[in-house]
1. Can we say SER85 is open to solvent by 10 Å² or more (accessible area, probe 1.4 Å) and of a type outside the set (Asp, Glu)?
2. State all residues of region 158-200 that are within 26 Å of VAL136 (Cβ to Cβ), open to solvent by 40 Å² or more (accessible area, probe 1.4 Å) and within 17 Å of the chain's Cα centre (by Cα); if no residue qualifies, say none.
3. Which one is farthest from the ligand (Cβ to nearest atom), of the residues in region 170-200 that are at positive phi and touching a residue at least 24 places away in the same chain (Cβ under 8 Å)?
4. On the given criteria, is LYS5 open to solvent by 30 Å² or more (accessible area, probe 1.4 Å) and in a helix (DSSP H, G or I)?
5. Exactly one of these conditions fails for GLU125: (1) under 16 Å from SER67 (Cα atoms); (2) within 16 Å of the ligand (Cβ to nearest atom); (3) open to solvent by 30 Å² or more (accessible area, probe 1.4 Å). Give me its number.
6. Can you say whether GLU135 is charged (D, E, K, R), free of Cβ contacts under 8 Å to residues at least 40 places away in the same chain and within 11 Å of the ligand (Cβ to nearest atom), as far as the supplied structure shows?
7. Anything in region 20-59 that is among the hydrophobic types (A, V, I, L, M, F, W, C), touching a residue at least 12 places away in the same chain (Cβ under 8 Å) and over 19 Å from ILE124 (Cβ atoms)? List them, or say none.
Amino acid sequence: MAVTKYAELSWMRCLQSVLPAVRFGENRPQQLAERRAQFDGAEWHLIGQLQRNKVRLAVANADVIHSVDSVRLLKRVNDVAGELSQSIRVLLQVNVSGEDSKSGFAPDGLRRVWEEILEQSWFIEISGLMTMAPEVEDPEDARPFFRELAMLREELRGFGGNPAIHLQELSMGMSGDFGVAVEEGATLVRVGSALFEGLS
Ligand SMILES: *Cc1c(COP(=O)(O)O)cnc(C)c1O
């Protein structure tokens, strides 16, 4: 996925012309909505933190939300999607590193609420997990965090099924560490600066 929070529209158009099925990742629902209105065809992912008062805007415009970090927010997204009859995929953000600066479920917190999530009937599709590794010099140092997310996904899958929960996606890896993330099973890498650096 091309993370376009700092990208100009002309760069995005250029990218879409060579990759018609490109996925764009935006941090803010407002910017995502404005930009989506100006493009055809691309898939739009919201990757930044989601405030409750922006849920409607996000659900109405994003194809995938990567940053759901509480059961309360998950239910809110679900309710709004149902009201709008808007199908949407959601990833649960996990704060694997436990850094205060990062949002997300603590791994143990997600384990604790998993049964509640499994038992619910969902309108939305819960399609995977997302994490941000700490900023490190050597991408190898990010590997344990990616590995832990992949293991957590396997563990959660072991608790049983729900027709709305697939967990096929692991959204992990950014410009500095996406190679390591792919080795650990990433299905979505979120790459911004490596694509657009030097263009402005
Ligand atoms: C900005 C951002 C990225 C992309 O970071 P780069 O280092 O520029 O590739 C990925 N994920 C999230 C959540 C971001 O906010």
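The values are calculated or read from the model by the stated rules, or taken from the named source; none is laboratory data. None of these values were measured; they are calculated from a predicted model. Ideal geometry is used to build each Cβ from the backbone, glycine not excepted, and the neighbour counts take in all protein chains shown. Note: accessible area is taken over every heavy atom of the protein model, side chains too, but ligands, DNA and RNA are not part of it. Shrake-Rupley method; radii C 1.70, N 1.55, O 1.52, S 1.80 Å.
1. Here the answer is yes, as SER85 does meet what is asked.
2. Answer for region 158-200, where residues must be within 26 Å of VAL136 (Cβ to Cβ), open to solvent by 40 Å² or more (accessible area, probe 1.4 Å) and within 17 Å of the chain's Cα centre (by Cα): MET174, PHE178, VAL182, THR187.
3. GLY185
4. No, not satisfied.
5. Every condition holds for GLU125 apart from (2).
6. no
7. Those that are among the hydrophobic types (A, V, I, L, M, F, W, C), touching a residue at least 12 places away in the same chain (Cβ under 8 Å) and over 19 Å from ILE124 (Cβ atoms): ALA21, VAL22, PHE24, PHE39, ALA42.
Let's see how each residue does on (1) modelled with pLDDT under 95; (2) within 13 Å of the ligand (Cβ to nearest atom); (3) surrounded by fewer than 21 Cβ atoms within 10 Å (Cβ to Cβ):
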{"residue": "GLY25", "(1), (2), (3)": "no, yes, no"}
{"residue": "GLU34", "(1), (2), (3)": "no, no, yes"}
{"residue": "ASP40", "(1), (2), (3)": "yes, no, yes"}
{"residue": "VAL64", "(1), (2), (3)": "no, yes, no"}
